[in-house]
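J.: The structure that follows is given in the form of structure tokens.
The values are calculated or read from the model by the stated rules, or taken from the named source; none is laboratory data. This one's a predicted model, so the numbers in the text were calculated from it and none came from an experiment. With ideal geometry, Cβ positions are generated from the backbone for all residues, glycine too; neighbour counts draw on all protein chains shown. These area figures cover heavy atoms from the full protein model, side chains too; ligands, DNA and RNA do not enter into them. Shrake-Rupley method; radii C 1.70, N 1.55, O 1.52, S 1.80 Å.
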Amino acid sequence: MVANEKRIEDITLENIKNGEVTLLQLSEIYTKMGFVFIADSGKFTHIKKERKERIH
């Protein structure tokens, strides 16, 4: 567990790769910015921006 939680603005990709970020923080990043974090076998592999469908 993360003893010293970081502010969302202070989180880096290195923090995510090292497992220093909580699921709640990742959820907040997704909610605020739309980024999705991809993992394989419990390890971070990459990040992508979620595409939102346009309604005409």
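J.: Looking at (1) open to solvent by 70 Å² or more (accessible area, probe 1.4 Å); (2) at pLDDT below 85; (3) in a strand (DSSP E or B), can you tell me which one K48 breaks?
T.: Failed condition: (2).
J.: What are the residue pairs meeting all of these: first residue in segment 8-31, first residue under 16 Å from G42 (Cα atoms), second residue open to solvent by less than 70 Å² (accessible area, probe 1.4 Å) and assigned to a helix (DSSP H, G or I), Cβ atoms under 6 Å, and 6 or more apart or on different chains?
T.: V21/N15
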